[in-house]
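Here is the structure we will look at, set down as structure tokens.
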Amino acid sequence: MRTKIVAGNWKMNLTLTESKQLVNKLKFSSNSENIRVLIIPPYTNLDGLKRLLDAQNSNIEIGSQNLHHLNSGAYTGEISGQMLKDIGIHIVLVGHSERRTLFNECQEVVFQKSSSALNQNFEIIYCFGEQLSERIEGIHFNVIKNQLEHLINKIDLKYWESKQIVLAYEPVWAIGTGQTATSEQAQEMHHHIRHLIQQSLGVQIANQTSILYGGSVKPSNAKELFQQPDVDGGLIGGASLDATSFNSIIKSLITQ
């Protein structure tokens, strides 16, 4: 059985005080190892929230929004895997569309970060997705194939076998726009992604790899999206900043 995951990416939102208030309102309890809830707050909140969650013996996990591929050096404003591990963080988001588009992270940089994180024993949530123009042009399946090529063909198989790689398909045209892929469109792409993995890495790896959908997931559409056979949860943006909305999305995952 594949692991079902809801991950809240808070982006550049919430102070530490606000973050703690939100965490205290979140409701997640499950005895199943196949259901996970993650929060991914700004760097300044990581240590404080990790301590809070540990003190509460919470099942909610915490991850970082980014990391540099090197462990140290003259890289003002960056953060290393070594720094994250020192405060107990072992999950990292890589290749989010905003990192690609706003901060000019090319495919090679995203691969460097992915490889470095995995080599440091991080679990990665690898993000990828097509622009609206690419979908309109009808090349979206090839775009996704190209964005996954290095990860599938150049990363050691052991990281796939140990489930250290979680995929997050995020159609860029549906992030923060209010537009959402239909459940059929999401399933179609997720099935395509799983088929790409199967072709190169085999049926077992394809069947055990969690693929999340990230594109304006809300309480109103979460249940339908999560019911799709190849959609294993969601990477949630704005809706994860509101406790009522995020709790509703979590409930949609648990009740599948």
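The values are calculated or read from the model by the stated rules, or taken from the named source; none is laboratory data. Keep in mind that what you see is a predicted model, and the values were worked out from it rather than measured. Note that we place each Cβ from the backbone using ideal geometry, even for glycine, and neighbour counts take in every protein chain shown. Accessible surface areas use protein heavy atoms only, side chains included; no ligands, DNA or RNA. Shrake-Rupley method; radii C 1.70, N 1.55, O 1.52, S 1.80 Å.
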Practice item. Pop a pseudo-label 7 angstrom from the Cα along the beta-carbon direction at both Ala243 and His150 and give the gap in nm to one decimal. Key: 4.1
Check your understanding: Between Asn207 and Thr76, what length comes free when the chain is fully extended (0.36 nm per residue of separation minus the Cα-Cα distance, one decimal in nm)?
Key -> 43.1 nm
Review point. Expressed as a whole percent, how much of the Cα-Cα distance distribution for the range 22-137 exceeds 26 Å?
Key: 27
Study note, to complete from the structure: Ranked output for segments 26-33, 156-163, 89-96 by mean other Cβ atoms within 10 Å, highest leading, reads 89-96, 156-163, 26-33
Exercise for review: Return the distance in nm (one decimal) between the two label points of a simple spin-label model at Asp54 and Lys20, each offset 7 Å from Cα along Cα→Cβ.
Suggested key: 1.6
Practice item. For the range 44-107, give the magnitude of the charge dipole about the Cα centre (Cβ charges: +1 Lys/Arg, -1 Asp/Glu; no others), in debye to the nearest 20. Key: 40
**Study point:** Sorted largest first, extent of the chain alpha carbons per principal axis (Å)
**Key:** 46, 45, 34
Revision key, fill the gap. Share of accessible surface on carbon and sulfur in the chain, whole %, 1.4 Å probe and ligands ignored, is 48
Study note, to complete from the structure: Plugging the Cβ-Cβ distance of Lys158 and Asp86 into 1/(1 + (r/R0)^6) at R0 = 22 Å yields, to the nearest 0.05, a FRET efficiency of 0.35
Point to revise | Å² per residue, accessible surface of the range 37-119 at 1.4 Å | key: 47
Check your understanding: Once both labels are modelled 7 Å past Cα along the beta-carbon direction, what's the Lys27-Lys251 spacing in nm?
Key -> 0.6
Practice item. Could you provide, to the nearest whole Å², the per residue accessible area of the range 200-256 with probe 1.4 Å? Key: 37
